[in-house]
1. What single numbered condition from (1) in contact with a Pro (Cβ under 7 Å, 6 or more places away or on another chain); (2) farther than 30 Å from residue B:104 by Cβ fails to hold for residue B:312?
2. Could you pull out the residue among A:76, A:46 that is polar (S, T, N, Q) and in contact with a strand residue (DSSP E or B) (Cβ under 6 Å, 6 or more places away or on another chain)?
3. Would you pick out the residues in region B:97-119 that are free of Cβ contacts under 8 Å to residues at least 24 places away in the same chain and facing chain A (nearest Cβ under 8 Å)?
4. Identify all residues within region A:355-403 that are under 21 Å from residue B:295 (Cα atoms), surrounded by fewer than 18 Cβ atoms within 10 Å (Cβ to Cβ) and among the aliphatic types (A, V, I, L, M); write none if there are none.
5. Going by what's in this entry, would residue A:67 be described as assigned to a helix (DSSP H, G or I), at negative phi, small (Gly, Ala, Ser) and more than 14 Å from chain B (Cβ to nearest Cβ)?
6. Go over the candidates A:216, A:273, A:226 one by one and state the one that is under 30 Å from residue B:272 (Cβ atoms) and surrounded by fewer than 24 Cβ atoms within 10 Å (Cβ to Cβ).
7. Condition check: more than 8 Å from chain B (Cβ to nearest Cβ), more than 17 Å from residue B:408 (Cα to Cα) and buried (at least 19 other Cβ atoms within 10 Å of the Cβ). Does residue A:77 satisfy that?
8. Would you please name the residue that is surrounded by the fewest Cβ atoms within 10 Å (Cβ to Cβ), looking only at residues in region A:115-135 that are more than 14 Å from chain B (Cβ to nearest Cβ) and within 9 Å of residue A:351 (Cα to Cα)?
Amino acid sequence: MTETVATRLRKRFHGPKYLLALPAIIWYLLFFALPIAFIVFYSFGTKDSTKLLPVDFSHLSTHSYSAVFDETFFKTFRGTLRIAVIATTLCVLIGLPVAYFAAFKVPEKWKAIILAAVVVPSFTSFLIRTVAWRIPLAPNGTFSKWLIGMGWIGQNGIQILETPLAVQIAIVYNYLGFMILPLFVALDRIDVRMREASKDLGAGRVATFFGVTLPLAGPGIVAGVLLTFIPMCGDYVTATVLGGAKGNMIGAMIASQFSGAQNWPLGSAMAILMIAAVLLSLGVGFIAMKIVPLVSSLASPAVQNLRRKMHARALEQAKHVKPSTRTKIEVLPKVLGVWTVLVLVFLFIPILLVFLHSFNNGGSFTIWSGKSSTKWWGELFNGSEMLGVLVRFAALLVIGVVIKRLLKGRDNVPKFVSSWIVVVSFVLALILNGFMTEWYRTIFDFTGIGDAIRNSFIAAFGATVIAVIIGGMSGVALARRPGRWTTFFMATVFLILVTPEIMDAVALATWFPRIKEIPLVGIIFTSGWGPFNGGINKLWVGQSLYASAVVTLIVRARLAGIDESLEEAAGDLGAPPGRAFRQITLPLIASAMVAGGLLSFALCLDNAVISTLISEAGSTTFPVALLGATRSTIKPFWGVGAALLFIVTLSALWFLAVILRRGGDSASKIAATFTGGS
Amino acid sequence: MATENSKQNPKQLNMLAPDSFREKLSRRAFLQGGTALAGFALIAAACGSSSSDGGATTDTAAAGSTDGLASGDWSRVINTASGELAMYTWGDYNDPELVGALAASTLSVTMKVDYYASNEDLITKLATSGGTSGFDIVVPTGPYISQMVEKGLLQKLDKSLIPNMVNVDPLYLGQAWDTTNDYSVCKNWGTTGFFYDTTKISKELTTWQDFIDTCMGEASGQCSVIDAAPNYCGMYFWANGIDWNTEDAASIDAAEKFLVDEFAQHIKAFDSYPSTKLAEGAYSIAMAWNGDARQAYVRIADAGGTPENWKWVLGAPDTELWMDNYCIPVGAPNPEAAHAWINWDLIPEISIRDLQYHGYHTGMKNMSTLIGEIAPDLEKGDMIFFGDDQVKTMHTQVITPALDRLIDILNKSKAKAGG
């Protein structure tokens, strides 16, 4: 291709290839690489609890590493990997039929509904959902008593809590959604004609599934495994809430080294070895995935022969059997449908229990007292304040609707004014109500809950904005300006995904006091500014790390599938890079950024481990407060708070969906890019 | 408490609660959450607290003597402050009304409460944040205070702002970790024992040795222990007649061998607050602090169980005496409010209210008189107050270099207990 003036012009504008990723590079250097480097350094020190930070560096050694290989600790490593491998496998086995059913067996409209039903549970607090599993599993609980009454189990009731089995059940539950989504996306992209061709060529259902569908779904399975296996290995909450002594996992053990045992060197060594173990098992998994097709291709002549014979036999049979067998085949979709419904019920059980138990008359969330009452709702809310807020909200919305009606007939008003007026009045109501009267504080009678919910939203929102901006930019850079830097950058992103949260948490918590000494950055993080004083900005940093890595991957995957020719054409036609980006690239990645943003928001809203260590008294979020409450008795008002958070989040999502639909993006498109696939 | 029974002065009883006062303030109403506000308003009024300007005004209880209220022995000073007050404390450790609406209306401060699970958690939080944690009040256990002072995590209290400290029994002041109470004042104290289901465990249990034997026998896989190294190892030391503050390497080695290799595999959970899970039916025997075990009775009844089937046993032959203390961390944004709150919580009526909620002795002087007057219906008092002969068997923890070994033992036991 001959160089046009435009391309030469374009080249002159180009900075280094990683220019767009520069904000992310600086961010990761400041808040990931440097703090983590300190923690890695800690692993070579020795414990010294007389120091302010309890590590002594006077004689460095690898003692902590050898301690991990001690049989006692290593057992927990094996146990964790076993739980994670089994849970990931179960997630594939349970999720695949659901994804298959949603992708191939239902009309478009139902696809969106099934997907929404899969996603919605992850917008209730992760922690309260996990705690809710204690309700049906309690040996003295209603379910257990019923089972005893039926004579199905012994007098001791269900003996699952505080065992690895409880962790196994809840961990499958907690991550199933993250498996179904990428599976669905991968399956949904398969050209139906490929499957039809396979069948026309005589392959049966089973042969088509294993020969065509499954290989094509491969990338989705890989994405799903990455999204579930890695966080499972570092999971802290599930094991802590349900596991007891027997179901202990590495995540919880690492956390206890840093806080309870004050043995930072051992904790760091464990974390580093855990990262190695995760990478190793992923490596083994990928090698296995390469080997299986190899083996099967070697065996293919024999298999082909067998298939041909079976097909011949089937044809032979088909000649003798009447067409009535057609109805028999229709059983499969029904079975899949029933399975899907069962899985959805499974996903919603804890949420229904959270709602139910928020009406518990007793003093503990997990123990149903036999009577229902609204006293905890009453205890939490200040009725008259609440009414005032609702009235103000309704009034502003009504005004918006009325104005819209009035404007409808007139031609001299631009169209967008009338179409946005209701949305604007909603936002106005939110601002007037929220920032002027501090309703989130006053409608709650109980200390802190309103603040915690508000803090959760501000923290998650800020972190999501950061994640979408820096993640989106580096995603574009990765897909469009690859170079030697890509390897390093991708390795960093992958490390961020694999590093256990507790390690990030400790690294950041010890990093923030140090950051004062760095000019400019120090001022921002120590003086505190505007309404975001009191540690919220620290939460933005902490929560944005994982979220931005996720956005980066999603945006990159999205752009990798699209030819660069569009941008080139724009450039050739004389558009400066900025304009080409704004008018071509940005619309291309918009849906990926929205999807990444939604996922980030859900993840940040649930973030408990990092937030617990770095939050200050003024920035306690809902999961942090709830994690504190799990240390003793969880009162039913936490269920009320969780239910409320759920409702608010869902309405925010609905609101977003409305805006997006106005922007012309279809709901299924958003769902399709939700996890990026590849 | 028996120690106080002997010292009790019958005259005080009259001074404490004259009839006029009692008529105005129905005791039961005062104790029940709903009308507590009204009850408190009375006291506040009686004490002459009328400050509403939010400044650091000090109203003394002098007015009390004029309308015949108890005075003299009790100080009921209320200092008000303003702004927010953030407390970092143990789970469920104050009456929610006190740290909520009442603090707001009486002291004009908005409270935030967060919880930690161990002293180490608290220290990690304060140490890593370098004085920017934003907390105004923390509640460490006694022996950890000297360490925290050394690390520069705590600031000195301004005792002139805590005049109600005179209400604390001298027995609970001037402890080894802070002989002059420059940094701390007793919030409450308690002890350790265990709690078991008599329908599942047939033997009558009385000592730590019984507890260990049952956990390794009849209740194997159904028992929980407190998730704190000194308590967990203490159980072994007490059962074997060894001082739980021992630094003797041989004793600690023996403890490690027994706890890690033989005992750990029988443990179902390391749980410092087993009361809710006991009610769920998760354990049939649990090592517990007295206040939490007392709460378990309520939870079990809540869950439709029969509390009568459960038995509390104070650890024997020896056990622990721990004391949690109000302290103010370095860098506290609102020390004025912190002092005001600590001072307020030392008013007998407020203190007893907290006591009724958490079930721990709050260290007020003449406790039995106070209980008789303010909370005569208090149930399971024997789980809060202990006789002289019992207190004699309780020992305070001392932080020694051996603590690292004990933490190590707990750590290894946790790994070993895993399935």
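The values are calculated or read from the model by the stated rules, or taken from the named source; none is laboratory data. What you are looking at is a predicted structure, and each value in this text was computed from that prediction instead of being measured. Neighbour counts run over all protein chains shown; Cβ positions are idealised from the backbone, glycine included.
1. Of (1) in contact with a Pro (Cβ under 7 Å, 6 or more places away or on another chain); (2) farther than 30 Å from residue B:104 by Cβ, only one is false for residue B:312: (1).
2. Of A:76, A:46, the one residue that is polar (S, T, N, Q) and in contact with a strand residue (DSSP E or B) (Cβ under 6 Å, 6 or more places away or on another chain) is A:46.
3. Keep residues of region B:97-119 that are free of Cβ contacts under 8 Å to residues at least 24 places away in the same chain, which gives B:99-100, B:104.
Hits for region B:97-119 are B:99, B:100.
4. None - no residue of region A:355-403 is under 21 Å from residue B:295 (Cα atoms), surrounded by fewer than 18 Cβ atoms within 10 Å (Cβ to Cβ) and among the aliphatic types (A, V, I, L, M), so the list stays empty.
5. Working: assigned to a helix (DSSP H, G or I): yes; at negative phi: yes; small (Gly, Ala, Ser): yes; more than 14 Å from chain B (Cβ to nearest Cβ): no.
Criteria not met by residue A:67.
6. Working: A:216 fails: under 30 Å from residue B:272 (Cβ atoms); A:226 fails: under 30 Å from residue B:272 (Cβ atoms).
Answer to the selection: A:273.
7. Numbers: more than 8 Å from chain B (Cβ to nearest Cβ): yes; more than 17 Å from residue B:408 (Cα to Cα): yes; buried (at least 19 other Cβ atoms within 10 Å of the Cβ): yes.
Considered against the rule, which asks whether it is more than 8 Å from chain B (Cβ to nearest Cβ), more than 17 Å from residue B:408 (Cα to Cα) and buried (at least 19 other Cβ atoms within 10 Å of the Cβ), residue A:77 comes out as yes.
8. We begin by selecting, within region A:115-135, every residue more than 14 Å from chain B (Cβ to nearest Cβ); these are A:115-126, A:128-130.
This time we only want the ones that are within 9 Å of residue A:351 (Cα to Cα), so: A:121, A:124, A:128-129.
On the way: A:121: 21, A:124: 24, A:128: 29, A:129: 26.
The residue in question is A:121.
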